[in-house]
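What follows is a short report on a single structure.
Read the figures in this text as sums done on the coordinates, not as results from a lab. Being a predicted model, the structure only gives us computed values, none of them experimental. Cβ: placed from backbone, ideal geometry, glycine included. Neighbour counts: every protein chain shown.
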Amino acid sequence: MSQAVRVTVWNENLHETMFEEIRAIYPEGIHGCIAGFLKDAGYDVKTATLQEAEHGLTQDVLERTDVLIWWGHMAHHKVEDAVVDRVHQRVLEGMGLIVLHSGHASKIMRKLCGTSSELLRWREAGEKEILWVVDPAHPIAEGLKDRIELSHEEMYGETFIIPKPDDIVFISWFEGGEVFRSGVTYTRGRGKVFYFRPGHESFPTYFNKDVQHVIVNAVRWAAPRAMPQVTLGEIKEPIMPLANPTHNVIAGLHEKID
Ligand code: ZN
């Protein structure tokens, strides 16, 4: 049996510690809630927070992480650049990254996108959101119906200043009329990246079964796969000499130029 995918759930863990009304929604923290349903799905899950040494994301932790999940909002600027560089390098090497909700403005998202990743409209009015599945064949959408309905969420509206995604899996509609690319994927180096919009801290969004289903699917999708081994300096098939010796690399092109 193959080993379980190793997931690290990272959270800045500030709203839950600063505000009682948020702690009432997420008594174990947002990271605790997400780690809980990912463990139930069979993943090997650990958590890390901003407050820990090196934000809990040491080289050793990242090397033992297949997929990193990122939730941050008010303290993006407090994340050390050295840690962001380390996460970035691991994504290039093949670690999956799932950026949630206000993580759109995190240092790691901006570095991977090469854009500001700002959104030009937002509103906190507890309005209805419908996430339409616009790529039903995508592995992240597997097992969903045609939409996810959230009765209360914060609104994020286009324009979202991101590079053109590899895939757009979800587009949100909000009660106030705005739309948003709510589920987008990128490939950076060998790593797969998924941004997923829902998850404002003052609503119990991560307890929603459809939202959990998306994140469970996304971990499976983003997990690194065995890559082809590249062997340098080994020619597998004989190369026939060209008719014109001037262009004959086997006869020694460099000597001819010299
Ligand atoms: Zn929010």
### Query
Can you give the calculated 222 nm mean residue ellipticity of the chain, where each DSSP H run of n ≥ 4 adds -39,500 (n - 2.57) and the sum is split over every residue, rounded to the nearest 500 deg cm²/dmol?
-7500 deg cm²/dmol
### Pairwise label distance in nanometres, ARG188 with ASP60, each label 7 Å out on the Cα-Cβ vector
2.6
### FRET efficiency estimate (nearest 0.05) - Cβ-Cβ, THR115 to GLU237, R0 35 angstrom
0.20
### Query
For the chain, modelled as a Gaussian network with Cα springs under 10 Å, which listed residue fluctuates most, ILE108, ILE69, ILE22?
ILE22
### Query
Hey, with R₀ at 25 Å, roughly what FRET efficiency would GLU20 and ARG123 work out to, going by the Cβ-Cβ distance, to 0.05?
0.55
### Message
For ILE98, ILE239, which order do you get if you count the other beta carbons within 10 Å of each Cβ and list the fewest first?
### Response
ILE239, ILE98
### Query
What chymotrypsin sites (Phe, Trp or Tyr not before Pro) does segment 1-70 have in DSSP loop regions with at most 16 other beta carbons within 10 Å?
PHE19
### Query
Longest segment of the chain with no trypsin sites (Lys or Arg not before Pro) in a DSSP loop having at most 15 other Cβ atoms within 10 Å?
65-144
### Task
Report the extension gain between ALA53 and GLN89 in nm, rounded to one decimal, defined as 0.36 nm multiplied by the number of residues separating them, less their alpha carbon distance.
11.0 nm
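Determine the gain in length on full extension of the stretch ALA75-VAL230; use 0.36 nm per residue of separation and subtract their C-alpha separation, reporting nm with one decimal.
Working: separation 155, 0.36 × 155 = 55.80 nm, distance 4.09 nm.
Separation in residues times 0.36 nm, less the Cα-Cα distance, equals 51.7 nm.
Could you work out the longest stretch of the chain that avoids the GluC sites (Glu not before Pro) located in DSSP loops with at most 16 other Cβ atoms within 10 Å?
Numbers: sites that count: GLU28, GLU52, GLU80, GLU118, GLU142, GLU175, GLU234.
Looking at the chain, 176-233 is the longest stretch - no exposed GluC sites (Glu not before Pro) with at most 16 other Cβ atoms within 10 Å.
So for the chain, averaging the separation of alpha carbon pairs under 8 Å that are six or more residues apart and normalising by length, what relative contact order in percent results?
After rounding, I find 18 percent.
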### Which of THR231, THR159, THR47 has the fewest Cβ neighbours within 10 Å, and the rest in rising order
THR231, THR159, THR47
### Task
Run through the DSSP bridge list for the chain and note the antiparallel percent, rounded to the nearest 5.
55
### Task
Taking every Cα atom in the chain, find the radius of gyration and the maximum pairwise distance Dmax, and write them in Å.
22.3, 81
### Query
How many nm separate the modelled label positions at HIS152 and ARG220, each set 7 Å beyond the Cα in the direction of the Cβ?
3.2
### Query
To the nearest 0.05, what FRET efficiency results for ASP210 and LYS164 with a Förster distance of 45 Å applied to their C-beta separation?
0.95
### Pairwise label distance in nanometres, SER202 with GLU175, each label 7 Å out on the Cα-Cβ vector
1.4
